[in-house]
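What follows is a short report on a single structure.
What follows is calculated from the coordinates using simple rules that are stated; it is not laboratory data. None of these values were measured; they are calculated from a predicted model. FYI the Cβ positions are ideal-geometry reconstructions off the backbone, even for glycines, and counts take in every protein chain you see.
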Amino acid sequence: MAALVLSHPKLLLMTDYDGTLVPIRERPEIALPGPGLLKVLKRLAQKSRVKVAIISGRDLEELNMMLPVAGIYLAGCHGAEIAVPGNEKIKTFDDTELDRVLDEIYSRLLSFTAGKQGFLAERKKTAVALHYRLADPAIALKVVGDFVAAVRPLVNEKELEFLAGKKVIEVRPKAVNKGEAVSCLMNLYPDFYPVYLGDDTTDEDAFKAVRNNGLGILVAGEKKFTAAEQWLRESQDVLRFMQIIAARC
Ligand SMILES: [Mg+2]
C-alpha cells in the first residue's frame, strides 16, 4: 500500500486521530500520541513531497496541545476550522446563531446525564457530544434515546444532525463534515495525491471526497461497509505505513 502511494510524486496525507493514529481509550484525554508517532509526523512535515493534515472531531485547541508538530495542518471539529502551518486559520463554517442553539442542547443533555455514572457531556466549539463508553449499556441506551427524542425537533429545525460514532453521539451542523475539510485541502494542493485514513462513521464523508482521484484507507479490526478502498487493521499498522513513507521520500 505504501508503494502504491509512493508511486505518486507528491502526497497529501490526511488522517483522523482517535482510533486511527492512536487506539481509542476509555477517556479521550488519555489518548495521547506516543513518541514514535510524534517522530514520524515531524519527519513527514519536513518533506517537500508530502503535506500532512490531521482532521479530528476534537476541538482545534485540544489537537494543537496534543500534537506539537510544526508544519502540519490540523483540522478540528470535523473540519469546521483548519489551522494552517504558520498560524493562519481557515474557517469552513461560520454561524452566529449556532452557539445559542448548541448551548440549549448542551443544557438539555446535562439534565439527562445528571447524577448518572459513566457519561461525559462535551460542549465543543461547533458540536455537542455525549460519550458513554464507561456507562452501563442499558442505562446508556435509555439516556441516549431520551436525549435524542428531546432535542430532535430543535435538531431538525436548525439544520443540525445526529452523528453516532464509537460510544459517542454528537449533534453538529449538517454543513460541517470531514469531507468539506478534505475538499478544502485538496483545492489548496491540486497536484498532490490525496490519501485519507480513518476508522469511524465521521470519516466516510472524507473517504467519499478522495474516492475519485485519491485513496481512502479504513482502519478497523474487521472489514465493514465503507467508501474506503483499502484497509489496515489498527493504529500500529498506520504508524508503520507512515514510517515507510517517511523513509522512502
Ligand atoms: Mg476516529
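Per-structure values
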{"read-out": "Those residues of the stretch 123-167 which are among the basic types (Lys, Arg) and under 18 Å from the mean Cα position of the chain (by Cα), in sequence order", "value": "Arg123, Lys124, Lys125, Arg133, Lys166, Lys167"}
{"read-out": "Positions within the stretch 50-75 being touching a Phe, Trp or Tyr at 6+ places or on another chain (Cβ under 6 Å), small (Gly, Ala, Ser) and more than 14 Å from the ligand (Cβ to nearest atom), in sequence order", "value": "Ala53"}
{"read-out": "Unmet criterion (only one of (1) closer than 19 Å to Val176 by Cβ; (2) among the hydroxyl-bearing types (Ser, Thr, Tyr); (3) away from the ligand (no atom under 16 Å from the Cβ)) for Tyr17", "value": "(3)"}
{"read-out": "Evaluation of Val22 against (1) of a type in the set (Val, Ile, Thr); (2) under 17 Å from the mean Cα position of the chain (by Cα); (3) buried (at least 22 other Cβ atoms within 10 Å of the Cβ) (one fails), failing number", "value": "(3)"}
